[in-house]
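A.B. asks: My questions all concern the structure below.
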Amino acid sequence: MNFADLLSSLSIGSYISFGIFVICAIIQLVFAFLEKEKYRRIEKPFCLLSLAVFALVCLPNKPLIYVGAIFGMIGDILVIIKDKKYFSWGVLSFFFGHICYIVQLILFMVNKNADLYFYFIPAICFVIFYIALFFPFKKFAKHIPEQLGMALYYATLFTLLPFTIVSFINIGSYMFLGIIGASFFVISDLIILYTKYIKKFKRYDFYIMLTYLIAQALIIVSFVFTIIDLGL
């Protein structure tokens, strides 16, 4: 299916919900750039909510996609609360969102009867990431469980990238957008890690949200377009 046919196959509801996401994203980035923290925090959850609605309208029978976005929205709500306990729950919500996306990528490969080694490549990457991250996080974590959790979260996040790459190798279509999106996800969370534990810099929230919103949008759009294009 060419790009024009794909766009024409989308419903009006899809265009409306994605349009709302674009508007919400622009508003969020303006607030972040102007450092209007109060308004940015209030408006932030609506970005992922509208993106989740877009995924739901396009593919109501593919819950992992819009549930992953909903977990992102919940995480956005929890991390803006000024309480470390809620921040930890927010990170856990983001983690479950990443898991939803990874499971959807695995289902793509299962559907295309991918060779077994394509599953082992991301798994090996995860183990390498986890081991490589565990010891550096010792300087940031107050105790071993926190160190384990931080390494688990970031290893899972980083593994999203090799999963999108092997999925693109197997199914092609619009999954190249997912590769770009996963790359932006890594950049966004690395900025968060740097500003939380090392040093803050001017308008860091703007750069975090810019990369984060691009990541979420590209990953979800890559899923939606690929599924529609290939009839998965």
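The values are calculated or read from the model by the stated rules, or taken from the named source; none is laboratory data. Quick caveat, the model's predicted, so the values are computed rather than measured. When we count neighbours, we look across all protein chains shown, and the Cβ atoms used for this are built from the backbone with ideal geometry, even at glycine. All accessible areas refer to the heavy atoms of the entire protein, side chains included, with ligands and DNA or RNA removed. Shrake-Rupley method; radii C 1.70, N 1.55, O 1.52, S 1.80 Å.
A.B. asks: What about VAL30, is it open to solvent by 20 Å² or more (accessible area, probe 1.4 Å) and over 18 Å from ALA69 (Cβ atoms)?
C.D. replies: So VAL30 passes the test.
Condition check ((1) in contact (Cβ under 8 Å) with a residue 40 or more places away in the chain; (2) out of contact with any strand residue (DSSP E or B) (no Cβ under 8 Å at 6 or more places or on another chain); (3) surrounded by fewer than 22 Cβ atoms within 10 Å (Cβ to Cβ)) across all residues:
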{"residue": "PHE163", "(1), (2), (3)": "yes, yes, no"}
{"residue": "SER173", "(1), (2), (3)": "yes, yes, yes"}
{"residue": "TYR194", "(1), (2), (3)": "no, yes, yes"}
{"residue": "TYR197", "(1), (2), (3)": "yes, yes, yes"}
{"residue": "PHE201", "(1), (2), (3)": "no, yes, yes"}
{"residue": "LEU210", "(1), (2), (3)": "yes, yes, yes"}
{"residue": "LEU218", "(1), (2), (3)": "yes, yes, no"}
{"residue": "VAL221", "(1), (2), (3)": "yes, yes, yes"}
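A.B. asks: Right, another one. Output the residues belonging to the stretch 135-178 that are of a type in the set (A, V, I, L, M), closer than 14 Å to LEU92 by Cα and within 13 Å of the chain's Cα centre (by Cα).
C.D. replies: LEU157, the sole residue that qualifies.
A.B. asks: Here is a check on your reading of the model: is PHE120 among the hydrophobic types (A, V, I, L, M, F, W, C), surrounded by 15 or more Cβ atoms within 10 Å (Cβ to Cβ) and free of Cβ contacts under 8 Å to residues at least 60 places away in the same chain?
C.D. replies: Answer is no for this residue.
A.B. asks: So PHE158 fits all but one of (1) open to solvent by less than 40 Å² (accessible area, probe 1.4 Å); (2) not in a helix (DSSP H, G or I); what number is the exception?
C.D. replies: (2)
A.B. asks: Taking the stretch 88-117 as the search range and keeping residues that are over 22 Å from PHE54 (Cα atoms), in contact with a Leu (Cβ under 7 Å, 6 or more places away or on another chain) and touching a residue at least 12 places away in the same chain (Cβ under 8 Å), which one is surrounded by the most Cβ atoms within 10 Å (Cβ to Cβ)?
C.D. replies: GLY90
A.B. asks: Let me ask something else about it. Under 7 Å between Cβ atoms, which residue pairs at least 6 apart in sequence (or on different chains) link something in the stretch 66-87 that is under 17 Å from TYR153 (Cα atoms) and of a type outside the set (Val, Ile, Thr) with a partner that is at pLDDT 80 or above and not in a helix (DSSP H, G or I)?
C.D. replies: Correct list of pairs: ASP76/LYS44.
A.B. asks: Six or more apart or on different chains, Cβ atoms under 9 Å: show the pairs whose first residue is in the stretch 3-25 and open to solvent by less than 50 Å² (accessible area, probe 1.4 Å) and whose second is of a type in the set (D, E, K, R) and not in a helix (DSSP H, G or I).
C.D. replies: Every condition considered, the pairs that remain are CYS24/LYS44.
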